[in-house]
Amino acid sequence: MSYSPIIQKTIEYIEKNLHEELSLESIAQFARFSKYHYHRIFQKEVGVTVSEYI
């Protein structure tokens, strides 16, 4: 599946860091978005929430 570059980058970040405690806030901070904006764009592109993806 093809995602925007920032979503692809954060998906890679999530998958590399699954052994750590990840939160929407930490992932959004990595992407340099507010957690609210990141949640919306992630769900729109991926089709599930960040929590569901993890």
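The rows are residues; the columns are (1) outside any loop (DSSP other than H, G, I, E, B); (2) among the polar types (S, T, N, Q).
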{"position": "Tyr3", "(1), (2)": "no, no"}
{"position": "Gln8", "(1), (2)": "yes, yes"}
{"position": "Glu12", "(1), (2)": "yes, no"}
{"position": "Glu20", "(1), (2)": "no, no"}
{"position": "Glu25", "(1), (2)": "yes, no"}
{"position": "Gln29", "(1), (2)": "yes, yes"}
{"position": "His37", "(1), (2)": "yes, no"}
{"position": "Ile41", "(1), (2)": "yes, no"}
{"position": "Val48", "(1), (2)": "no, no"}
inquiry  = I'd like to check something: does region 1-23 contain any residue that is in contact with a helix residue (DSSP H, G or I) (Cβ under 6 Å, 6 or more places away or on another chain) and charged (D, E, K, R)?
reply    = no
query = Are there any pairs with C-beta distances below 8 angstrom linking a residue in region 26-54 that is within 13 Å of Glu12 (Cα to Cα) to a residue that is loosely packed, with under 12 Cβ neighbours inside 10 Å and at pLDDT below 95, with the two at least 6 apart or on different chains, and if so which?
reply = Ile54/Leu18
query = If you scan region 1-46, which residues turn out to be surrounded by fewer than 16 Cβ atoms within 10 Å (Cβ to Cβ) and touching an Asp or Glu at 6+ places or on another chain (Cβ under 8 Å)?
reply = Tyr3, Ser4
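The values are calculated or read from the model by the stated rules, or taken from the named source; none is laboratory data. What you see is a predicted model, and the numbers here were worked out from it, not measured in a lab. As a convention, Cβ positions derive from the backbone with ideal geometry for all residues, glycine included, and neighbour counts pool all protein chains shown.
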